[in-house]
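Worksheet: one structure, shown below.
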Amino acid sequence: MDVNISFADGSIGAAADGSAIGRLTINRPDKRNALTDAMWRAVPEAIDWLVNRQNARVVIMEGAGGRDFSAGADIGEFATLRKNAETARAYEAGNSAAFAAIRHCPVPVIAAIRGICFGGGFGLAAAADIRIADETARFAIPAARLGLAYPLDAVQDLVRALGDQHARIALFSGQEIPLAQAVACGCVAGSCRPDQLESEVQALAAAIAAAAPLSVQASKAALSALNSGLHDDYDRAATLSASTFDSADYAEGRSAFMEKRKARFEGR
C-alpha cells in the first residue's frame, strides 16, 4: 500500500510503496522546482521519515512535473532571507542541513534528473550517491553570475561529483555543463531518453532494495569514510562491516547461494 506525506505545505513530498523504495519529490513545478527556505529545511524531515519510519532501503530523489529537477534556491527570497552575511549564514544552515541529510542518509540516494539542475538543485544532486539523467538534463552553478558563494560542504560535494577541474570551471564561470561532459567526467552515471528515465531509475532502485541492506549500508559508510578521511567515519565503517558477518542476512546469503535460490534479506 502506498504511503505518502508532504512537508513545507506540500512542496516537498515523500512516498513509500511497500517495496522498500522511497521517493523524495521536490514539488514546485510552476517555479521549476526552485526551493524555498521552508523546503530546504523540510528535506531532512522527509529523509528521516522515509528511512526511519518507512524502512526505505533506497531513496529516489526527483523533481515534480516531468520537466525539471530543480532550478536551485528561490531567488525571490534572497532580498530578505539572504540579503547580507548575517542572514546568509542562517539561510545556508538550512541548505547545509539538506545537503547533509542526503549525503549522510544511511541508505543510497539516487537523483533522477530531468531538465534544469542548477545551483542548489545541483547541490542536492551532487550530495546523492548516484545520478542518472535523461537527455534534457542541464547543469550549472550560477554563483559567479549572482555575486554570491556556495557553502564549503556544497563545494566539496561538487568536487566529488565533477572532479577538481570541472568543478573549478563551473564555479568560476557559471557556464552550463553539457550532459556529455557530465557523463564523461563521472558526475552522471548514465543518460537515457526522457521516456526511459523512470524505468532506468526504478530498475536500479529495485536492484539495490533487493540487496542485503546491512551490506549496502556498510558499503556506503566505507565510501563516506574514504571521502571524509575522518577517523570516526573509518571506525564506524569498520564496525558496520564487521557486524555483517554476525547478521542473519549473511547466513541467508550463504544458504541461498548454496541452494541456488534468490536470497530474502531482512536487514538484520
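Give the distance, in whole Å, between the Cα centre of the stretch 154-169 and the Cα centre of the stretch 98-141. Between the Cα centre of the stretch 154-169 and that of the stretch 98-141, the gap is 13 Å.
Think of it as helices only: each DSSP H run of n ≥ 4 in the chain is worth -39500 (n - 2.57), and spread over all residues that comes to -14500 deg cm²/dmol at 222 nm.
Its relative contact order, with pairs defined as Cα atoms under 8 Å and 6+ residues apart, puts the chain at 14 percent. Normalising the average separation of contacting C-alpha pairs (under 8 angstrom, six or more residues apart) by the number of residues puts the relative contact order of the stretch 74-171 at 24 percent.
In the chain, taking the dipole from charged Cβ atoms about the Cα centre, the farthest positive-side position among Ile26, Thr36, Ala251 is held by Ala251. Legend: ranking of residues Met39, Met258 from fewest to most surrounding C-beta atoms inside 10 Å; resulting order Met258, Met39. For the stretch 212-259, the relative contact order works out to 37 percent when only alpha carbon pairs closer than 8 Å and six or more residues apart are counted. Under the convention that each Lys and Arg Cβ holds +1 and each Asp and Glu Cβ holds -1, the size of the dipole of the stretch 47-132 around its Cα centre is about 140 debye.
For the chain, the longest principal axis of the alpha carbon atoms and the long axis of helix 152-162 meet at an angle near 70°. Annotation: the residues Tyr234, Tyr91, sorted from fewest to most other C-beta atoms within 10 Å of their own C-beta, follow the order Tyr234, Tyr91. Listed from fewest to most Cβ neighbours within 10 Å, the set His104, His231 follows the order His231, His104. Using alpha carbons only, how many degrees (0 to 90, rounded to 10) separate the axis of helix 37-48 from the longest principal axis of the chain? So the inclination is approximately 0 degrees. Protection proxy ranking, highest mean first, for peptides 141-149, 160-168: 160-168, 141-149, where packing is the per-residue count of other beta-carbon atoms within 10 Å, averaged.
Rule-based calculations on the coordinates, nothing more; no lab input. Just so you know, these numbers come straight off a predicted model, no measurement behind them. FYI the Cβ positions are ideal-geometry reconstructions off the backbone, even for glycines, and counts take in every protein chain you see.
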